[in-house]
Amino acid sequence: MILCLLGKEKHFYCFIIIFSCSIQLFAQKSVQHLITLPHKVDFVSDNLFKQGIHISPDGKDLSLNNYHLTLNAKAYFPVMGEFHYSRYPRAEWEEAILKMKAAGITVVAFYDFWIHHEEQKGHFRFDDNRDVKYFIQLLAKHQLYGLARIGPWAHGEARNGGFPDWFLKKMTNGFDRVTKNGSVEPEVKIWYEKLAEQFKGLYFKDGGPIIGIQVDNEVGARTGNDGSKYLSALKKIALEEGMDVPLYVATGWPGPQIPEDDLLPLWGGYPDAPWTQNTKDLPPNNLYSFITDRRDRNIGNDVLKYTEGQTPFYRHPFLTVELGGGMQVTYHRRPTLKAGDLLAIDYTRLGVGANMLGYYVFHGTQHPLSWNQEFSTEESKSNIFPYPNDYPKISYDFEAPITEWGYIRDYYHDFKLLHQFIASYGNELAPMLATIPSDNPENEKDFKKLRYSIRSAEGAGYIFFNNYIRHFDMANQEGVSFLINTGKEQLRIPQKGGFNIPNKVYGIIPFNKNMGGVLMKYALAHPAVVLPQSNETLYTFYAMEGVKPEFSFDRASIKSIKVTGGKINKTKAFISVVDLAAGKNCMIKIQSLTGQNSTILLLKKEEALHTYVFPIKGKATLLMTDKLAFYDEAKDKLTIRSLGENRFNIWTFPALTTSNQELKTLKKAGIFQEYEVKFSAAYADSVTFKDISNSSAFNQYLNSLEGKTPDGPTYGILHNTRFPYLNYEINMPKSLPKGIRDLKLELNYQGNTAAIYANHILIADNYYVGEPMVFSLKRNESLLKDGTFIFQITPLMHEAKIHFEPNTPLSFRDKEHAILKNIKVIPEFEFVL
């Protein structure tokens, strides 16, 4: 049923309700889900939102309707990742941008932290790591868009939320920046003015990359609509300073304070809530369900108050800015993450209509010390207006796909794989309506029913399903089938029987997809890359865990079909391909009645995870490697980095054209050409350490704690030998070995907190989560020759007001309390083509 209401602007707003029922066939252990697709709903593209200039000098038009963004009047689905330039070395910015681009990021969001630029009143700095103009120029160089989050209050776990100390001292209302009438302090206008000077000439209207401006962050209204007045006033100041962009945005939480004609609300969702003010296990997160409420009520619940009721059906598209790219640990809560903890939420948000994925953060960074190294700049209980949380003084790793040191986590590849789907199908997906069948679970604690939704248009679409909840097990879904009423047909998926969806699996099932003139009725396999070639189109899919792959086609649309690694079944109306053995050799070659050629490549998920798509020498290339790879189009340079292995294989389609001596051509595997990369350099040395602690003082300190861990961090930004903690002197190499790009250190310690000091200044830190602390020698190469490195550990006692993940190793706290067990040294090799 479609229920349409007439809004105040005299436009119809439609709530789509799909009546679905489950037919339980106990003998077959199967459940069939009956679905009726909705009728077409018109898009509204008039004056629901006041854009700035949204046409570039070369004629590009970035606009929006109430469902999605448009670029040159076509649906546009961006993927946005957050990166904080002022928390990262300027010399490494370009690489960071290329790594994000390699993962499928198309828009880079960045906070401009006021405190980093005007720590001293009236003294603005845009030099070194604060050179935001150069950062934006790099985005332009590598053909990425940018969204500037200009504050004045940013949060981002920064000291005072980004307010300079001198400014905050004049405030009287603490966290809530909103004054009674929404007025803005004059210093904020000066801050915007200085930023505008850096942004000049770099806006979309100038041919530059800045497509959006976010004013402030997480604004709560003290009374009435003061928050709305405050946000409107900030936008007005930004406009007066020349910040003219297609999109003006604000975070949509915690409540209904967004002036929706002036600012587009963006949304978020995290797998955990380490800022929550307790140490209890968290209940199931409702964002693992397909729910229409766009808010994550956990975001900022340490300081924000949320209004009751769900967010309404918005006039504006569902765009996100803070889906968790990871989670930053706090002193009192220390989550660690798996790929599904993060990705499953992306699937539910896509399934209910999200048309931009925006991650906070996609690249980890580090808090800088103050200009004169007098204080640290992280959020803490010791800020002028104390926050409820203590964060590491340096590390802002956030468990992001790209770490604070520039290495990648395993789930970097999971994000990349999802973004390949969006790059290939996002423009088609964006206009599709989202519907949530009524046989979904009624609440987040129902672990038995299938969680799923449909995005569809004109009888074609995608089924999104999620059988994953962080820290909880779901029932294995057996014998699942769908019967879809498109209005023109009854489409059953699969044609016969059912398929299984095990616990911890999420995915996408396409149906009625036109593939080069061939109508694919459905695929029980996950779509990924679409790679056009000169004489055919390559479609890659991958087998989802526990889901038996199957493809079904409309027989009338096919001239010929050939399968390698599978079996063809034909009926009068359909051609099905079953018994597929996913891998590099598993292919379906199809020619349509009109002579168009297509190849479907069904990979194992592990293979698909390790694919990249690069325009190598101007040719769209599928590269397969489990290493970090990125491509610089401006220099036509491919870089592959290997941690620990000086010999490994890569696969590409099509084959590379190169005479590089480090690249040895091997056999072919299906459509892929295989190569071996081999480095002559090797590294087998170790990094040694010695205990320089005052054992007597340390034992006295342990006794004084009486079995209780301090309620907050006790280390400082200067190494103080009087503090009776465990201290080790690290014997670092004086330089990096020849032929080695970097040495990654993994310091396997146990304790409460760990810190590395060079020449008595804090340069890295870590809160114990049961995993080694990571450290890059290349980042600190200038200190190697003459630096003295001290590794300090504070003890973890049996009693601790800290929430640890299940299975975190903690037995040491009953005896040793703090220890550095070993240091693993991993060489990083670099191959450049």
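Relative contact order, percent, of region 336-457 when contacts are C-alpha pairs under 8 Å separated by at least 6 residues?
That works out to 27 percent.
What spacing in nm lies between the two simple spin-label points modelled at Lys338 and Thr36, each 7 Å away from Cα in the Cβ direction?
My value for the distance between the label points is 4.0 nm.
Report the full-extension gain for the segment Lys635 to Arg555: residue separation times 0.36 nm, less the Cα-Cα distance, to one decimal in nm.
Extra length from Lys635 to Arg555 when fully extended: 24.2 nm.
Check which residues have an amide H placed less than 5 Å from Leu64's amide H, if you skip close sequence neighbours.
Thr70
When ligands, DNA and RNA are left out and all protein chains stay put, how many square angstrom of accessible area per residue does the chain have with a 1.4 Å probe?
39 Å²
I need the peptides 813-824, 659-670, 131-142 ranked by packing, meaning the mean over residues of other C-beta atoms within 10 angstrom, with the highest value on top.
With the highest mean Cβ count within 10 Å placed first, the list reads 131-142, 813-824, 659-670.
HN-Hα J couplings of region 491-506 from phi, Karplus 6.51/-1.76/1.60, θ = phi - 60°, integer Hz, Gly and Pro as x?
The phi angles translate into 9, 9, 10, x, 4, 10, x, x, 9, 9, 10, x, 4, 6, 10, 9 Hz.
With each label point set 7 Å from Cα along the Cα-Cβ vector, what nm distance links Phe723 and Ser659?
Going by the 7 Å Cα→Cβ label model, 5.8 nm.
I'd like the FRET efficiency for Lys170 and Lys690, computed as 1/(1 + (r/R0)^6) with the beta carbon distance as r and R0 of 51 Å, rounded to 0.05.
0.55
Candidates (1) 10, 19, 16, 12, 9, 8, 8, 8, 6, 3, 1, 0; (2) 14, 38, 24, 15, 7, 1, 0; (3) 15, 47, 33, 5, 0; which is the computed P(r) over Cα pairs in 20 Å bins from 0, in percent?
(3)
Taking R0 as 51 Å, what FRET efficiency do you get between Asn181 and Val769 from their Cβ-Cβ distance, rounded to the nearest 0.05?
Computed FRET efficiency for Asn181 and Val769: 0.65.
Round to the nearest 10 and report in Å² the accessible area of His316, as given by a 1.4 Å probe over the protein chains' heavy atoms.
Taking all protein chains as shown, His316 has close to 0 Å².
Tabulate in residue order the Karplus-calculated ³J(HN,Hα) for region 385-390, using 6.51 cos²θ - 1.76 cosθ + 1.60 with θ = phi - 60°, rounded to whole Hz; enter x for Gly and Pro.
9, x, 8, x, 10, 10
Within straight cross-link reach of Lys280, meaning Cα distance under 14 Å, which aspartates and glutamates are found once same-chain residues fewer than 8 apart are removed?
Hits, sequence-local ones excluded: Asp272, Glu805.
Evaluate E = 1/(1 + (r/R0)^6) for Asn649 and Ala573, where r is the Cβ-Cβ distance and R0 equals 41 Å; express this FRET efficiency to the nearest 0.05.
0.40
Kindly rank 488-501, 250-263 from highest to lowest mean number of other beta carbons found within 10 Å of each residue.
Going from most to least packed, we get 250-263, 488-501.
Pairs Lys635/Lys668; Lys141/Lys785; Lys194/Lys637; Lys338/Lys562; Lys338/Lys778: which are spaced more than 31 Å apart, C-alpha to C-alpha?
From Lys635/Lys668; Lys141/Lys785; Lys194/Lys637; Lys338/Lys562; Lys338/Lys778, over 31 Å: Lys141/Lys785; Lys194/Lys637; Lys338/Lys562.
Let me have the 222 nm mean residue ellipticity of the chain computed from DSSP H runs of 4+ only, each contributing -39500 (n - 2.57), with the sum over all residues rounded to the nearest 500.
-4000 deg cm²/dmol
Once label points are set 7 Å from the Cα along Cα→Cβ at both Asp446 and Asp58, what is their separation, rounded to one decimal in nm?
The answer from the label model is 5.0 nm.
For Lys50, list the lysines whose Cα falls under 20 Å from its own Cα; do not include residues on the same chain fewer than 8 positions away.
Within the straight-line cut-off, Lys50 pairs with Lys8, Lys10, Lys60, Lys74, Lys205, Lys229, Lys235, Lys236.
Between region 442-495 and region 367-435, what is the separation of their alpha carbon centroids in Å?
Their Cα centres are 31 Å away from one another.
Of the peptides 95-106, 427-438, how do they stack up when ordered by the mean number of other Cβ atoms within 10 Å, highest first?
95-106, 427-438
Using alpha-carbon pairs under 8 Å, 6+ residues apart, how would you state the relative contact order of the chain in percent?
It comes to 10 percent, rounded to a whole number.
Considering only protein heavy atoms, what is the solvent-accessible area of Lys584 at a probe of 1.4 Å, reported in Å² to the nearest 10?
My reading of the accessible area for Lys584 is about 40 Å².
Please work out the Cα center distance from region 513-552 to region 572-615, rounded to the nearest Å.
6 Å
Go through Lys504/Lys548; Lys180/Lys200; Lys99/Lys513 and tell me which ones have a Cα-Cα distance over 21 Å in this structure.
Pairs exceeding 21 Å: Lys180/Lys200; Lys99/Lys513.
Could you tell me the relative contact order of region 689-745? Use alpha-carbon pairs under 8 Å, at least six residues apart, and round to a whole percent.
Relative CO of region 689-745 lands at 56 percent.
Can you compute 3J(HN,Hα) from phi for each residue in region 80-88, using the Karplus curve 6.51 cos²θ - 1.76 cosθ + 1.60 with θ = phi - 60°, rounded to whole Hz and x for Gly and Pro?
Coupling constants for region 80-88: 10, x, 8, 8, 10, 4, 6, 10, 9 Hz.
If a paramagnetic tag sat 7 Å from the Cα of Lys562 along the Cα-Cβ line, which residues of region 514-535 would have the backbone N under 16 Å from that point?
535
What's the carbon and sulfur percent of the chain's accessible surface, probe 1.4 angstrom, rounded to a whole number?
49 percent
Post the alpha-carbon centroid distance, region 263-295 to region 645-675, in whole angstrom.
44 Å
The values are calculated or read from the model by the stated rules, or taken from the named source; none is laboratory data. The structure presented is a predicted model; accordingly, all values stated were derived computationally and were not measured. Positions of Cβ are backbone-derived with ideal geometry, glycine not excepted, and every protein chain shown enters the neighbour counts. When the accessible area is computed, the model is the full protein with side chains, heavy atoms only, and any ligands, DNA or RNA have been set aside. Shrake-Rupley method; radii C 1.70, N 1.55, O 1.52, S 1.80 Å.
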